[in-house]
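Here the structure comes first, spelled out in structure tokens, and everything after it is commentary.
The values are calculated or read from the model by the stated rules, or taken from the named source; none is laboratory data. Nothing here was measured: the structure is a model prediction, and the numbers come from that model. Don't worry about glycine lacking a Cβ; one is built from the backbone with ideal geometry, like all the others, and counts go over all protein chains shown.
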């Protein structure tokens with residue numbers, strides 16, 4: 001139990017230091033994992049809000065994706081570690097459209113992972 005508390009405390013301290021260092025920008029310089037966002041869901045929510053501004057993703061799209069992924073897990077399926085449908089299309093347009101690019105590769109991946117992490121928490 002003590003080890004769990006120490007780990008949680010250290011994670012909180014590291015996350016706080018990271019967020020202070022980043023300021024208000026959620027633009028990342030390195031790829032994060034789904035597990036990192038799952039363990040720090042508040043950071044995932046901030047990243048998702050930032051991604052929504054950059055891509056035009058709506059809350060309804062995120063809710064639909066999250067429900068589908070949770071239903072798949074509940075029925076014994078294993079959700080794939082990437083998105084499909086409308087959200088993926090919006091992220092791809094924001095990343096691949098060189099004339100109106102609002103996301104780089106790292107942030108496109110991290111936007112996906114932040115959204116996927118919502119379906120990983122109960």
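State yes or no: is residue 28 part of a loop (DSSP other than H, G, I, E, B) and either modelled with pLDDT of 90 or more or more than 22 Å from residue 120 (Cα to Cα) (or both)? Here the answer is yes, as residue 28 does meet what is asked. Among the residues of this structure, residue 44 counts as one that is closer than 12 Å to residue 116 by Cα, at pLDDT 95 or above, assigned to a helix (DSSP H, G or I) and in contact with a helix residue (DSSP H, G or I) (Cβ under 6 Å, 6 or more places away or on another chain).
Kindly check whether there is at least one residue in segment 84-97 that is farther than 15 Å from residue 62 by Cα and out of contact with any helix residue (DSSP H, G or I) (no Cβ under 9 Å at 6 or more places or on another chain). Before you say what the answer is, go through the steps one by one.
First, pick out the residues of segment 84-97 that are farther than 15 Å from residue 62 by Cα: 92-97.
From what's left, out of contact with any helix residue (DSSP H, G or I) (no Cβ under 9 Å at 6 or more places or on another chain): 97.
Yes; the residues of segment 84-97 include at least one that is farther than 15 Å from residue 62 by Cα and out of contact with any helix residue (DSSP H, G or I) (no Cβ under 9 Å at 6 or more places or on another chain).
Considering (1) surrounded by 11 or more Cβ atoms within 10 Å (Cβ to Cβ); (2) closer than 21 Å to residue 32 by Cα; (3) free of Cβ contacts under 8 Å to residues at least 40 places away in the same chain, the lone condition that residue 106 does not fulfil carries the number (3). Checked against the criterion of being loosely packed, with under 14 Cβ neighbours inside 10 Å, on the phi > 0 side of the Ramachandran plot, assigned to a loop (DSSP other than H, G, I, E, B) and more than 10 Å from the chain's Cα centre (by Cα), segment 69-79 contains one or more residues that satisfy it. Scanning segment 98-122 for residues being out of contact with any helix residue (DSSP H, G or I) (no Cβ under 8 Å at 6 or more places or on another chain), within 20 Å of residue 41 (Cβ to Cβ) and either at pLDDT below 90 or assigned to a loop (DSSP other than H, G, I, E, B) (or both) gives a total of 1.
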